[in-house]
Amino acid sequence: MPIDHKAAYDEQNIFAKILRGEIPNKTVLETDHSLAFHDINPLAPIHVLVIPKGRYVSMEDFSANASDAEIADLVRTIGKVAAETGADAQGYRILANTGKRAGQEVPHLHVHVFGGQPLGPMLSR
Ligand code: AMP
């Protein structure tokens, strides 16, 4: 069920549980401020999620309220994931669904990194 990206942070969301170590994840890389892990239901040969460790519901929340260090770290982590997974070699896509209309299901900001195959048009009409 897509979520309201303007709602308060839900401590019980699945990515909060991953960050607390309550459920496992397949980590790609971890920094002081960010965690990158394989999507449990990959939609491409490379499908990694990059999340901030801080409590941010959405890109809107993160861009307004995160520190410069957290923002820089997330962006650099996305770049490192693309390089280290091999996605960068052939081209890749990053995507952050924000709110109900975009189909955001987990109320903790996550940036999808897709690669490893031709990715087709950005949106289908
Ligand atoms: P979104 O629709 O943008 O909110 O994407 C949520 C993503 O989280 C989906 O691609 C799910 O497959 C993924 N996901 C949900 N639970 C887990 C989990 N425990 N570990 C890794 N990925 C997950």
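All of the numbers you see were taken from the coordinates with simple rules; none came from a lab. The model shown is predicted, which means the values in this text are computed figures rather than measured ones. Note that we place each Cβ from the backbone using ideal geometry, even for glycine, and neighbour counts take in every protein chain shown.
Okay, here's what the table says:
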quantity: Segment ARG93-ARG55, length gained on full extension (0.36 nm per residue, minus Cα span); calculated: 11.2 nm
quantity: Cα→Cβ-extended label distance, 7 Å offset, between ILE14 and THR31, nm; calculated: 2.5 nm
quantity: In order through region 85-98: 3J(HN,Hα) via Karplus (6.51 cos²θ - 1.76 cosθ + 1.60), integer Hz, x for Gly, Pro; calculated: 7, x, 4, 4, 5, 10, x, 8, 10, 10, 8, 10, 5, 10
quantity: Cα pair distances in the chain, grouped into 10 Å bins until the bin that holds the longest one, percent each; calculated: 13, 45, 36, 6
quantity: Per-pair calculated FRET efficiency, R0 = 25 Å: VAL75 and LYS6 via Cβ, rounded to 0.05; calculated: 0.60
quantity: Across LYS80/LYS100; LYS26/LYS80; LYS26/LYS53; LYS53/LYS80, pairs whose alpha-carbon gap is larger than 23 Å; calculated: LYS80/LYS100
quantity: Longest exposed-site-free window of the chain, the sites being GluC sites (Glu not before Pro) in a DSSP loop that have at most 11 other C-beta atoms within 10 Å; calculated: 23-125
quantity: For region 18-125, size of Cβ-based charge dipole, Lys and Arg +1, Asp and Glu -1, in debye; calculated: 360 debye
quantity: Around ALA69: net Lys/Arg minus Asp/Glu count, Cβ-Cβ under 11 Å; calculated: -3
